[in-house]
Each structure stands twice: as C-alpha cells, then as structure tokens.
C-alpha cells in the first residue's frame with residue numbers, strides 16, 4: 001500500500017497525506033514513507049498519538065492533501081464515500097482519484113479509497 005501511495009503522490013506533489021481510521025493507516029504510512037502522515041486531527045477528531053507528536057495542523061492551512069480512506073467492508077463502500085462528504089467542511093474541493101486494492105494471491109484483503117482534497121481549512 002505504501003508503494004502505491006508513493007506512486008500516487010508523484011502525481012500530486014506538495015500534497016500532505018492523512019487518514020481518519022483512528023490511527024492505523026496513518027501509523028503504517030508514517031513508518032514506510034519518509035514524511036509526516038497525519039491522522040484524523042486534520043478533521044477535528046481525536047487522533048491518539050497524532051495529538052501528541054507536536055504537529056501544527058494550522059500550518060497546513062490552504063494546502064492540498066491526499067486523504068486515504070480505509071474500507072473495512074471490501075464490497076460495500078457507500079458509507080466511506082459518504083464520509084468523504086464530511087471532508088468538505090475542511091477542504092474547498094474533494095474528489096476521489098484512486099482505489100488501492102491489496103490482494104493475497106487471488107483474494108482481495110483490503111481496499112482504500114484515495115481522495116484529492118484542495119484548500120485545507122483547519123478546525124478552530
């Protein structure tokens with residue numbers, strides 16, 4: 001998954017990356033990528049360790065982002081697509097740009113939706 005995110009990020013230079021599934025996706029990407037990957041504090045929610053590592057989300061104001069949305073139910077992503085609508089409170093524009101599927105053999109084991117989010121407005 002980190003390999004796919006790196007490839008996508010080359011198409012969207014300067015975008016910061018965040019996820020909102022508590023901490024799992026953000027923590028994994030922080031481990032594998034050579035940059036800060038943010039948690040759900042970007043959208044005003046408690047973000048476990050991401051609330052304590054000294055990130056200043058206000059400094060991201062106006063920037064563009066890639067939102068990586070984890071899909072727990074591989075075959076029904078309607079709730080996750082609706083969740084992306086909540087991002088519009090914090091970004092001027094939000095659009096889905098990719099789906100990342102991870103398989104083990106022929107079996108699909110995980111899916112992520114990737115959104116480009118433009119014009120970040122941090123929570124107050």
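The values are calculated or read from the model by the stated rules, or taken from the named source; none is laboratory data. On a predicted model such as this, the values are computed, not experimentally measured, just so you know. Neighbour counts run over all protein chains shown; Cβ positions are idealised from the backbone, glycine included.
Quick rundown of the values:
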read-out	value
Conditions (1) closer than 15 Å to residue 20 by Cβ; (2) in a strand (DSSP E or B); (3) modelled with pLDDT of 85 or more; number of the one not met by residue 42	(2)
Candidate set from the range 65-101 (those that are part of a loop (DSSP other than H, G, I, E, B) and under 15 Å from the mean Cα position of the chain (by Cα)); member that is modelled with the highest pLDDT	90
Close pairs (7 angstrom Cβ cut-off, 6 or more residues apart or separate chains): farther than 29 Å from residue 57 by Cα in the range 91-110, part of a strand (DSSP E or B) and at pLDDT 90 or above anywhere	none
Selected residue (only one of 62, 54 is outside any helix (DSSP H, G or I), exposed (fewer than 15 other Cβ atoms within 10 Å of the Cβ), out of contact with any helix residue (DSSP H, G or I) (no Cβ under 9 Å at 6 or more places or on another chain) and modelled with pLDDT of 85 or more)	62
Meets criteria (surrounded by 17 or more Cβ atoms within 10 Å (Cβ to Cβ) and at pLDDT 85 or above) for residue 29	yes
